[in-house]
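Okay, so here's the structure we're looking at.
Bear in mind that the values in this text are calculations on the coordinates, not laboratory data. Fair warning: this is a prediction, and the values are worked out from it, not measured in the lab. Counting neighbours? That spans all protein chains shown, and the Cβs are built from the backbone with ideal geometry, glycine included.
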Amino acid sequence: MALHVERTAIPDVTVVSPTVFDDPRGFFMETFHAEKYRQAGIDRTFVQDNCSRSCQGTLRGLHFQLRHPQAKLVSVTWGTVFDVAVDIRVGSPTFGRWVGQMLSDANRKQMFVPEGFAHGFCVVSARADVLYKCSDYYDPGDDGGLLWRDTDVGIEWPVGEPLVSEKDRNYPRLRDLPADRLPAFSRPN
C-alpha cells in the first residue's frame, strides 16, 4: 500500500500519513518500510532511533549537526506535539523559513526533516512520547542549535512560556551563527 505524502511550504520537508488498519481490536500500521518510503521520495538509511517523553509545555530544540547531519523521521506514539523544521542551509531559497505540523497518536502523521534543518518540538498535550529515526548517529561534539525564540525566524509556538533546557535557552539566533557553522545548500542535479 502506498504512503500519502504531503509537501509543506518548504518542499524538502514532508508530512507522511502511513496507511492505518483499524478494527475493533485497535489498529495496525507500518511506521517505516524502506522501499515504500524510498518510492515516496524519502530515500535514507536510518541508523538510530530515539524516544523521548516530555510533559506539557516542554520545548526541545532547535537542534542540528553540521559534520554529521541527521535527517529525521518524527512520529508521536502518545500525546500531541507541534513539530518544527527550520531551513538553515546557506544559499537555500527558503533559508531562515520554518514549517510546523501537529503530530499526535490520533492523527498518526510523521514529519520528515532532511539534513540541513534545525529541528524541535513542543508538547501541547499533558504528556507526549516522541519517536524519531535518524540518518546519522548523535555526535555530542557536533551538537549545534538555534534559539527557539529567534524573532527573525518567527516560529509561532502554541505554548506561552515553555519548559526549555539551559542548553536550548542559550543557543544563538540564526543571524549570529557564522556561515561556516551552518550547512550549505546544494542544488539537485
Charge tally for neighbours of Asp49 with beta carbon under 12 Å away, counting Lys, Arg as +1 and Asp, Glu as -1, is +2
Packing-based order for 159-167, 3-11, 115-123, using average beta carbon neighbours within 10 Å, highest first
115-123, 3-11, 159-167
Computed [θ] at 222 nm, deg cm²/dmol, the chain (DSSP H ≥ 4; -39,500 (n - 2.57); rounded to nearest 500)
-1000 deg cm²/dmol
Under 20 Å from a point placed 7 Å out from the Cα of Asp152 along the Cα-to-Cβ direction: which residues of segment 61-79 have their backbone N that close?
61-66
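Between Val90 and Gln39, take the C-beta separation as r, use R0 = 30 Å, and let me know the FRET efficiency to the nearest 0.05. Write down the numbers at each step before the final one.
Numbers: r = 31 Å, r/R0 = 1.03.
Taking R0 as 30 Å, the efficiency between Val90 and Gln39 is 0.45.
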Between Val159 and Asn107, what is the spin-label point distance in nm, taking each point 7 Å from the Cα along the Cα→C-beta axis?
1.7
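Once Rh for segment 48-106 is found with the Kirkwood sum over Cα pairs, what is the Stokes-Einstein diffusion coefficient at 25 °C and 0.890 mPa s, in µm²/s?
Values: Rh = 13.3 Å.
D = 184 µm²/s.
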At q = 0.11, 0.15, 0.18, 0.20 Å⁻¹, the log10 of I(q)/I(0) for the chain from a Debye sum over equal Cα scatterers comes to -0.47, -0.88, -1.29, -1.58
With a sphere of radius 13 Å drawn around the Cβ of Arg97, what net charge do the other residues whose Cβ falls strictly inside it have (Lys, Arg +1; Asp, Glu -1)?
-4
